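To start, the structure under review is shown below, and the notes come after it.
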Amino acid sequence: MLEVSELHLWRGDRHLLRGLNLSLAPGEAMQLLWPNGTGKTSLLRTIAGFLYPESGHVRWQGQSIDQDRDAFHRDLAYQGHGTALKADLSATENLRFACDLRHETSAAQIHDALDRVGLQGLRPDLPVRSLSAGQQRRVSLARVMLWKARLWLLDEPASNLDASGQQILRDLLERHLRGGGLALLAAHQAVPLDSAACRLSHSPGATA
Amino acid sequence: MSWAWFHRFGSPPYFYRVAGLLTPWFAWPAAVLLVVGLGWGLFVSPPDKLQGDAYRIIYIHVPNSWLSLMSYSAMAVSAAIGLIWRIKVAHAVAAAIAPAGAAFTAVSLLTGMLWGQPMWGTYWAWDPRIVFELVLLFFFLGYIALRSAIDDLNRADRTSAVLAIVGVVNVPIVHYSVIWWNSLHQAPSVLRTDGPSMPIQMLAPLLVSFLGFTLYFVAVMLVRARAEVLHRERGGDWIREAVAMHGNSP
Amino acid sequence: MSSLQSSAWRAASTVIRRDLLLAFRRPGEWLQPLAFFLIVTLLFPLSTDPELARLRQLAPAALWVALLLASMLALDFLFREDANDGTLEQLALSGQPFAVLLLAKTATHWMLTGLPLAVVAPLAAVALGAPASSVPQVLVTLLLGSVSLSLIGSIGAGLTLGVRRSGALLSLLVLPLAIPTLVFGARATQLAMVGESVAGPLYLLGALAVLGLTLAPLAAAAAVRISLE
């Protein structure tokens, strides 16, 4: 359902991606374990639609993402390096606003999501700036889950997560894939996913 | 219309070569026309019955004013082409036009000031056309400043392109300001629907001078754009070939 | 497609609610432009002969220059923080029309800066010698003008997102666009202060505001998208 074909991308003077091909079907995941500076983040951002490739196509459900950007984005959950949370708002407020942009979400669902990422004991009025980096990362995972998007593009999702946090990430991903979702991750270390439908790519040339 | 032609022009090596070939065809006629037009206007044509010899500055002032508007429009169109079709050469052309356009606008304002003194008794007046021409200068300068303030070349191109397009609204305002408001400037005497109102002995050198300045603008734009393309493509293989082919003068 | 999908309207109101909530958590920030405005208007009578008749002549210009400068100061708050913490790019990915969301942010920004400035300005006008009867009209001209300035400012703020230390550059870009608003607004305020009809310039101010409302969000959205590349 996600097809990237013959993608060429330059960043400044560097020809980062040369004719990259990649495809993911429902229930499949791919982890990009490329070295630093080789274009993991740039590839994710190109698929998300921030960057324009010099040539090549990105197709979602058989249609180029340029044709109906907004529809594609409604099916997409992108998580970049940062947490993209408002530091002055509480976790619950952040989640509520993030969800309201997309679709109706009840308070119970938000509460449930925070439970699932292991933040059930969190004081409700605590601003996100007072949370640890690991806790903030868990909140952003909760957001990805609540968006109910089919395609997940996650850039270093395990950063700042302790062992239990990493287990939570694994469980979330497994659940997402079992439900027919797709995931493309950029990481330094592979997330140990059970399913046989998870491929690892160690360099920009090895994604087919 | 063949889009292939359009995209071919956007290819840097092609543009580089064609611009190099075209430049002398604009530069030499420009030099000749400027000498003829300005010589005729400044020295030969008869003095005006009201203003005497002071009016002669129009042979510099008017073409530069027209060119300030035309060059801004060209810059905006080029920037739009670069923005919409993502053709890098178009951004190089827009970047090349900006300093020349700023110069035309500055000359227009300065010669206007020199003319204002004998004509209206003051070097500067807060007249709508003058104010909006000054705004045009700010847009040119803003375009150049914005472009140089952003490090990433692609973003610099595209961000300044948005600015150029937003500012194009100023061009018709400058032109129509003399009609919409009571202005010190007279109403248009050349670009009118019932033909120019200027006598031919004055109109002819004006048009020659204008044509000369226009060709000069195109020549300058081609040379600058070529240099800009060369700078951007400095890593490319075709540069080495182009230099090798032409020896020391690419 | 879920039938519970948020409409663009709902998304816009979400952005407004969020930004207002954030502003109430940090009220100090939003008082700065107001204080700056009052200081600048104070500078005028201090730096010239404080004779009331002369002040009254100067007042429209003083008010509008102060409004312009205070708006420039406030513009930095519009997009920069969201750009820094990554929430701006999430807005671009929300699947909602980006121009609408940015318009919502600009509207909130206006409510927190332009609106208070416009409300305080007639009081400053009175301090500069305007008759109390002119207050309602002065208020209206400043309200309309501040709307245009916020919209024009959003374009400048979007264009300078990729620039470090962008203060002076932002002003260089916004002020030329703001000149028509300044000219008509000052004229309208001047007429209001002498008790004449402000209808002419007021209509023009309104037209500028409407023009800004339709075009500025599109330009700002284009500029912000480019900064996210």
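Figures for the structure shown
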read-out	value
Per-bin percent of Cα-Cα distances, chain A [5 Å]	1, 7, 16, 19, 20, 16, 11, 7, 3, 1
Hits among lysines - C-alpha to C-alpha of residue B:49 under 18 Å, sequence gap 8 or more where chains match	none
Distance between the range C:178-229 and the range B:68-85 - C-alpha centres, whole angstrom	25
Separation in nanometres of the label points that stand 7 Å from Cα toward Cβ, at residue C:9 and residue C:43	4.5
Amide H partners (placed H, <5 Å) of residue A:28, local residues excluded	A:183
Candidate lysines for bridging to residue C:105, where Cα separation is under 29 Å - those fewer than 8 sequence places away on the same chain excluded	A:86, A:148
Low-density loop positions, chymotrypsin sites (Phe, Trp or Tyr not before Pro), the range C:71-168 - DSSP coil, at most 10 other Cβ in 10 Å	none
Among B:216, B:59, B:123, residue whose mean-square fluctuation peaks in a GNM of chain B (springs only between Cα atoms under 10 Å)	B:123
Computed over chain A: relative contact order in percent, which uses C-alpha pairs under 8 Å that are six or more apart	32
Kirkwood Rh in Å, taken over the range A:87-148 so that all alpha-carbon pairs contribute	11.3
Net charge of Cβ neighbours under 13 Å - reference residue B:112; Lys, Arg +1; Asp, Glu -1	-1
Charge context of residue B:19, other residues only, Cβ under 11 angstrom, K/R +1, D/E -1	+2
Per-pair calculated FRET efficiency, R0 = 30 Å: residue A:66 and residue C:29 via Cβ, rounded to 0.05	0.20
For the range B:86-156 and the range C:58-128, distance of Cα centres in Å	28
Straight-distance crosslink candidates among aspartates and glutamates, where the alpha carbon sits under 18 Å from residue B:88 and sequence neighbours closer than 8 are dropped	A:13, A:54, B:151, B:152, B:157, B:228, B:233, B:237, C:229
Residue mean of other protein chain beta carbons inside 10 Å, C:173-181	5
The range A:80-163: relative contact order as a whole-number percent, Cα under 8 Å and 6+ apart	41
About the Cα centre, charge dipole magnitude for chain C (Lys/Arg +1, Asp/Glu -1 at Cβ), debye	180
Residue-averaged [θ]222 nm for chain B, counting only DSSP H segments that reach four residues, each worth -39500 (n - 2.57)	-26000 deg cm²/dmol
R0 of 41 Å, Cβ-Cβ distance residue B:185-residue A:52: FRET efficiency to nearest 0.05	0.35
Length-normalised contact order for chain C - Cα pairs under 8 Å, 6+ apart - percent	25
Positive minus negative residues near residue B:243 (Lys, Arg vs Asp, Glu; Cβ under 14 Å)	+1
All-pairs Cα distance distribution in the range C:8-227, expressed in whole percent, bin size 5 Å	1, 7, 15, 19, 19, 15, 11, 7, 4, 2, 0, 0
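Each reported figure results from applying straightforward, stated rules to the coordinates on display, with no laboratory input. In this text the structure is predicted, and so the values were computed from the model without any measurement. Methodologically, a virtual Cβ is constructed for each residue, glycine included, from the backbone with ideal geometry; neighbour enumeration extends over all protein chains shown.
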